[in-house]
Amino acid sequence: MDFKLGSINLKGVAQGVGGFVFGNESPNSNEDSYMERLLDRISNGVLADDRRAAMAELQSLVAETNSAQLAFGAMGFPVLMTILKEERDDVEMVRGALETMVGALTPLSSAHGPKNEVQPALLNSDLLSREPDSISLLLSLLSEDDFYVRYYTLQLLTVLSTHSSNRLQEAILTIPRGITCLMDMLMDREVIRNEALLLLTYLTREAEEIQKFLVFEGAFEKIFSIIKEEGVSEGGVVVQDCLELLNNLLRNNASNQILLKETVGFESLISILKLRKGSAYSFTQQKTFNLLCALETIELLLMGGPETEPGKEANRLSNQTVLSQKKILDHLLMLGVESKWAPIPLRCSALRGIGNLVIKHRQNLDLLANKVLGDDPHTEPALNSILRIVLQTSDVEEFLAAEYVFKCFCEKNADGQVMLVSTMTSQPPPTTNSAHDEDVNMSFGSMLLRGLILTDTGGDLETCCRAASVLSHVLKDNMQCKERVLRIELAPPAPNLSSSQSLMHGIVKCLALASSMMNKGSNDHEQRALEGDKYFQPIILRLLIIWFADCPSAVQAFLDSQDHLYYVLELVSSQSASVCVRGLAAVLLGECVIYNDSDDARDAFTVVDTISQKIGLTTYFLRFEEMQKSIFFISAMSPQHRKPLTRSNTSTMIEIGEEDQNKAIDQKRDQPVLASIFSGHFVNFVKKLELEIRESIVDVFSHPKTKASVAPAELQQKEGESDVDYIKRLKSFVEKQSHEMQDLLARNATLAESLAKTGGAAASNSDQKMAEGHERVQSEALRRALQEATQRIEILEAEKAKIENEASMYRNKAGKLESDLESLSVAYNSLEQASEERQKESDVELNDLLVCLGQEQSKVEKLSARLAELGEDVDSLLDGIGDDTELQDGGEVEDED
């Protein structure tokens, strides 16, 4: 006989669900029948005591077995919902119905059952959330006077929200005064208030509309009122629940952050971080959780809102300014730096808060730069204290948190970077075995340089790498700092050692030592290096990559030692090095090509030629692809969000959590330093570099080593240049072009060989099928480069033929000129001979004339003597003679009587 409750066939429903889960021959059929009888007594019983007894039995049965929960879900909800709706005056029955439904929705322990076993609590939550008007009915119970009715109702809604949160959120938003009703519970008795806090926390995790309604209902004021009432950071778990609810309201919601700032303000929040007098040395687990949640609130405010929010940046800057004005930096420094008793997770969170407070905020950056910690006379700059944590802490997470401060301090802060670099001057080596003693008088730069100096034992390798990590932030995007650090020389670690070495050489030495330790691991120091090698080498390679970027002088300083180049080549080809190390080493070699402005034997062509000869271009480019497939590279390309703190996961801040994390998360948790190295910004930078490196190497292969520009002026004879010199110059030019063509042909042959190897490897290796598209792009680029080179050769050959033709023409012209010159020489010789003969004839005629003149002179003298004897005045007679007399050709002088 079928039992009917209302219009529902309970036995049929039970058999249907039971048959679906257990099969038609269910061994629990007796239990199902018992469930039916209990529900029948509750629904159709006459005596009140019998109905209450049946309710108590039902409650106990549902709390014991999964099968009872399953059977109840199929038959019990309509019965109990009827009681809640129609029997409000029977408080005891209402209480029993609510408590029974809470048990039906609460999962039982199933540690020994199969993993794919049906979870009745989840099915029941789905059934209840689908019941028409079920949520509105439950909310109406919150106005009942009975304490337990309100309490069990909140418990039922809380359990329902953990399994069917979306339906519950949608239902509450559609019910008039639904949010107001829940908010009123925060003003109820303590137990109910606490349960209401939990419910609101679950409801606000994802529902933005509910977040807005709560804020307009005065949630901020009520939250901080409860926190103050409970004892602020010294309070219990209720303070943690309040802060979790607060964080839900502020996370990815810039408008709510603005409302908090403009209504309640930040003073109440900052007061939570203030360590009370006498409690600065005591950090219970709950106090730690409370402070961690408050620091998460600060982090959310310093983020400013979601990335896609238009006003995110303005809101972030405003929050930074207001928080700084409220002296929050002092509290963060106390928790993160000065308080040695605070748990490591708390110190890490405070350090990250310092970084977020100052990043890209000019006033806050200056405030941190000038901040001094400690009491007189033992004071030191805050940045020095944070650097000391970087170099000396034994906890990797604390090292990363302290390093994050410098990352934020140096971001877009050129003046701050220069200020830090200005303190980096060489210091004498340490005189004690402890190179990092507490020396408050040491400058920031001196402390950093001392960390970069390695001892013979290699025991300071980790310190060296940490110092290198800080230095990478100091140099990032700052050419002035890069050039200045390039001139720094490190003092030798011991007085009896050789002279000082450049900082560049010291960094490469640190990189080489990390590799050598990787291959040994025979003592404690080496074993520690072996364990840390996963991030020692990447940290140093990242520093060099950042240093070389847009800095040709750094590249030349690196290439000054040929050993440096060959060592990095070995890293690229090493099978024992990790994928990340090989990839970063390949990037570093590429920078030696694209940022190389040398014209000597260290130029870009030499680097590319060495890469091609030592490891081959195929292997070289493969290193980029291998690195980009690594989990750290892939993870950096997707948005990373810190998991919100909740009751269930705050304990993982103290102790590592469950083992059921997937492999990728395990790997990132085991190596958090690698995850920090491959940040989204650095990965994007490397990807951009890779494109430039590929283009630059193809360009080197496509052009001669010496780029000779064939200008028309070079084929023209220069003014004053002899034909012989001109012909010699043309011959030299042709020979130079010929040598360059041979060089280009040789390099193109190497390039073609690399292309052939790439194609063969792609055809034979099935593991590279995923990279076929990339290989085709690379092959096509190289094919075009080879085609361009061939065209260049053809052009040079045509130019060579043209030059040879012109040279032949000039040789013919020169021959003709030589023939004409010879004829002219013969004619000149004939003319010269004729002139000589004419000269001889003229000399004879002149001699005859002189003889005649001599004779005439003798006659004149004799005549003058005769005239003198006759008494004549010879001078007067001769006066005027010759003035008007013209000698005729062939005429003679006549005597006058």
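In table form, for the structure just shown:
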read-out: The range 202-242, residues that are in a helix (DSSP H, G or I) and in contact (Cβ under 8 Å) with a residue 60 or more places away in the chain; value: 233, 237, 240, 241
read-out: In the range 353-398, the residues that are more than 25 Å from residue 418 (Cβ to Cβ) and assigned to a helix (DSSP H, G or I); value: 353, 392, 396, 397, 398
read-out: Condition broken by residue 308, with the remaining ones in (1) out of contact with any Pro (no Cβ under 7 Å at 6 or more places or on another chain); (2) assigned to a helix (DSSP H, G or I) satisfied; value: (2)
read-out: Selection count, the range 414-442, where residues are among the small types (Gly, Ala, Ser) and modelled with pLDDT of 90 or more; value: 3
read-out: Of the criteria (1) crowded, with 19+ Cβ neighbours inside 10 Å; (2) touching a Phe, Trp or Tyr at 6+ places or on another chain (Cβ under 7 Å); (3) farther than 26 Å from residue 360 by Cβ, which one residue 260 fails; value: (3)
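Residue-wise test of (1) part of a helix (DSSP H, G or I); (2) of a type in the set (Ser, Thr, Tyr); (3) within 26 Å of the chain's Cα centre (by Cα); (4) modelled with pLDDT of 70 or more.
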position	(1), (2), (3), (4)
605	yes, no, no, yes
621	yes, no, yes, yes
627	yes, no, yes, yes
634	yes, no, yes, yes
643	no, no, yes, yes
647	no, no, no, yes
652	yes, yes, no, no
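The values are calculated or read from the model by the stated rules, or taken from the named source; none is laboratory data. Fair warning: this is a prediction, and the values are worked out from it, not measured in the lab. Cβ: placed from backbone, ideal geometry, glycine included. Neighbour counts: every protein chain shown.
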